[in-house]
Amino acid sequence: MFAFWNNQLKKWQEDNSLVRIVIVEQKKKPLTICGRVILINEVEESFLVYDDDSKNVSSVQLSSIDSMEAF
C-alpha cells in the first residue's frame, strides 16, 4: 500500500500541490491537515506536511490516514 501512496506523495511534492489529509486516531475525533508534502520517509512509512496557514510542520504516519487528496 505504501508503494501506491509513495508515488502519489512524490508527485504532489514535485507539483507543490496542496493536500488534504484526514487522520483517524483511536478514541479521538478525525483530524484534518491541509498543507504541502515536504519530506517522505520511506523507511518509517511517514511524511512531513507543511501547513501554510498555521506555519506548522506535521509528521503523518501512513497507517493513521483515513483519506488523502490533492486540491
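The values are calculated or read from the model by the stated rules, or taken from the named source; none is laboratory data. Note that the structure is predicted; figures quoted are calculated from it, not measured. Backbone-built Cβ (ideal geometry, glycine too); neighbour counts: all protein chains shown.
Side notes on the structure shown:
- Residue match in region 37-52 (condition: modelled with pLDDT under 95, exposed (fewer than 13 other Cβ atoms within 10 Å of the Cβ) and in contact with a Gly (Cβ under 8 Å, 6 or more places away or on another chain)): yes
- Extreme residue, surrounded by the most Cβ atoms within 10 Å (Cβ to Cβ), among residues of region 5-23 that are aliphatic (A, V, I, L, M) and either touching a helix residue (DSSP H, G or I) at 6+ places or on another chain (Cβ under 7 Å) or assigned to a helix (DSSP H, G or I) (or both): Leu9
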